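Have a look at the structure below, then the notes.
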Amino acid sequence: MQAILGKKIGMTQYITAAGNLIPVTALEAGPCIVTDLKTKEKHGYRAIQLGFDDNIKDKNLSKALKTYFEKKKLKPKKYLREVRLDEKENYELGQELKADIFKAGDLVDVRGTTIGKGFAGGMKRWNWRGGPGSHGSMFHRRIGSVGASSFPSRTWPGHHMPGRMGGAELTVQNLEVIKVDVAQNLILVKGAVPGADNSLLYIRRSLKKPMGVQITAVKVSASKDPLKASKKAAAGGGGKKK
């Protein structure tokens, strides 16, 4: 399973040679280091542990993690995630993975943590229609009845109610890779991905490809490079001044 850890930089537009604008999300994919190997003989399954992001201070590392990285003779990483392997895939400890594991035209699944919205009512959280808006109905945005009176005389499990919205893991499948820039460790994918800017993402090759869909890579116009625009926007230079 080809996969890598990364960060969401932000959304921008990709200009094709025909002048069409494609909404894309710029992702910082890697570089990641293989920090551990799981074997079928010892652990019962084949996998690798990927480490990502050097931006971590020693005081924020636990004693166990410090000892772990010292034994491996590797630089400490902020994020660690396991990736299952196929029978034909082989990696070495300390091997570096970059954005070039994907190419334009590939389909990827991106998993991240959605932006937290806090406590939300049913109309916002579940798109309820709501009650009458006037004439003293006293039932505008309220939840109303949640259970039957005779049977089963209780609320069914999983009933849609107000509650915490967002802040949950979400996977968006079959996003097309538009462009890969190995020098900057950037990937442009068509569409939106979950999470806020600079949030952690897990990017893997798609497991379920859509039937009857043919993916063709598009060409970028030489007049504008969306990767530079994405980095500028992430650094705060692309926004409007107040």
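The values are calculated or read from the model by the stated rules, or taken from the named source; none is laboratory data. These numbers were taken from a predicted model, which means no experiment stands behind them. With ideal geometry, Cβ positions are generated from the backbone for all residues, glycine too; neighbour counts draw on all protein chains shown.
Summary table
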| item | result |
| --- | --- |
| In segment 1-52, residue surrounded by the most Cβ atoms within 10 Å (Cβ to Cβ) [restricted to those that are assigned to a loop (DSSP other than H, G, I, E, B) and within 23 Å of the chain's Cα centre (by Cα)] | Gly30 |
| Yes/no for Gly133 being exposed (fewer than 11 other Cβ atoms within 10 Å of the Cβ) and touching a His at 6+ places or on another chain (Cβ under 9 Å) | yes |
| Conditions (1) closer than 27 Å to Arg204 by Cα; (2) among the aromatic types (Phe, Trp, Tyr); (3) modelled with pLDDT under 85; number of the one not met by Phe139 | (1) |
| In segment 53-67, the residues that are of a type in the set (Lys, Arg) and part of a helix (DSSP H, G or I) | Lys59, Lys63, Lys66 |
| Test: Gly163 is loosely packed, with under 15 Cβ neighbours inside 10 Å and farther than 21 Å from Pro194 by Cα | no |
| Extreme residue, nearest to Val193 (Cα to Cα), among residues of segment 109-125 that are exposed (fewer than 14 other Cβ atoms within 10 Å of the Cβ) and not small (Gly, Ala, Ser) | Ile115 |
| Selection count, segment 95-124, where residues are more than 17 Å from Tyr202 (Cα to Cα), outside any loop (DSSP other than H, G, I, E, B) and not aromatic (Phe, Trp, Tyr) | 5 |
| Any hit, segment 63-71, residues being in contact with a Leu (Cβ under 6 Å, 6 or more places away or on another chain) and touching a residue at least 12 places away in the same chain (Cβ under 8 Å) | no |
| Residues that are of a type in the set (Asp, Glu) and either over 21 Å from Lys98 (Cα atoms) or more than 11 Å from the chain's Cα centre (by Cα) (or both), drawn from segment 165-213 | Glu169, Glu176, Asp181 |
| Options Glu87, Glu92, Glu70: the member that is assigned to a helix (DSSP H, G or I) and either exposed (fewer than 13 other Cβ atoms within 10 Å of the Cβ) or touching a strand residue (DSSP E or B) at 6+ places or on another chain (Cβ under 6 Å) (or both) | Glu70 |
| Contacts under 7 angstrom Cβ, first residue in segment 49-62 being among the acidic types (Asp, Glu), partner part of a helix (DSSP H, G or I) and modelled with pLDDT under 85, 6 or more apart | none |
